[in-house]
Amino acid sequence: VLGCFSVFLLLSGCGGTEPECDSLDTRNSVVKIVSDDNNNALVNYAAKNSSSVAAMVDDKSEAEKSAIWEKARLAAVYRLDDTILMNSRNRAAQEVTCIGLLYVTVADATAQKEVEFKVKQTADGKSIVSVNPFLF
């Protein structure tokens with residue numbers, strides 16, 4: 001009986017999949033969460049430091065400037081660095097905490113910021129991704 005119990009314990013840790021920091025779905029979710037944030041300071045920083053955006057807003061009215069800034073923000077390109085690190089793992093909660101560098105490019109300017117995010121595995125095998133808010 002003791003032998004069967006130890007085999008059961010060994011196999012019970014192998015049955016389910018654990019959440020991953022570096023899966024394509026996780027990466028896409030992190031980028032989407034940040035890019036959909038209307039208060040995204042990283043994209044604002046990149047837009048404000050773009051010389052080509054600055055040239056487009058030169059001598060424009062406030063309404064035109066606002067439209068140009070918004071168009072530049074919407075056209076931003078986001079990329080999560082190839083290296084994603086796992087900070088912690090909570091096996092009981094089926095959750096991992098991860099960090100990686102996020103890059104955003106607006107016209108000719110690129111800004112980067114370390115982003116921390118969590119991936120939680122639900123009972124039905126789906127992953128839920130959340131990004132910790134960051135100050136810039």
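What follows draws every value from the coordinates through simple rules; no lab data is involved. None of these values were measured; they are calculated from a predicted model. Glycine also receives a Cβ, built like all others from the backbone with ideal geometry; neighbour counts cover every protein chain displayed.
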Exercise. Residue separation times 0.36 nm, minus the C-alpha to C-alpha distance between Phe134 and Asp22: what's the value?
Worked result: 38.3 nm
Problem set entry | C-alpha long axis of helix 2-12 to longest principal axis of the chain, angle in ° | 20
For this session: Match the structure shown to one of the listed values (1) 54, 40, 26; (2) 35, 33, 29; (3) 83, 24, 22 of Cα extents along the principal axes in Å, computed from it, and give that label.
Result: (3)
Exercise. Of Lys32/Lys126; Lys71/Lys118; Lys32/Lys113; Lys60/Lys113; Lys32/Lys60; Lys32/Lys120, which ones are farther than 27 Å apart at the Cα?
Worked result: Lys71/Lys118; Lys60/Lys113; Lys32/Lys60
For this session: Would you kindly derive the ³J(HN,Hα) couplings of segment 47-58 from the backbone phi angles with the Karplus curve 6.51 cos²θ - 1.76 cosθ + 1.60 (θ = phi - 60°), listing them in order in whole Hz, with x for Gly and Pro?
Result: 5, 5, 9, 8, 5, 6, 5, 4, 5, 6, 8, 4
Exercise. Calculated FRET efficiency, Glu116 and Ala67, Cβ-Cβ r, R0 30 Å, to nearest 0.05?
Worked result: 0.35
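If R₀ is 25 angstrom, what is the calculated FRET efficiency for the pair Met86 and Ala123, using the beta carbon separation as r and rounding to 0.05?
Values: r = 22 Å, r/R0 = 0.87.
Rounded to the nearest 0.05, the efficiency is 0.70.
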Problem set entry | Inter-probe distance in nm under a simple model that places probes 7 Å from Cα toward Cβ, at Tyr78 and Asn49 | 1.8
Exercise. Which value at 222 nm does the chain reach when only helices count, each DSSP H run of 4 or more adding -39,500 (n - 2.57), with the total divided by all residues and rounded to the nearest 500 deg cm²/dmol?
Worked result: -11000 deg cm²/dmol
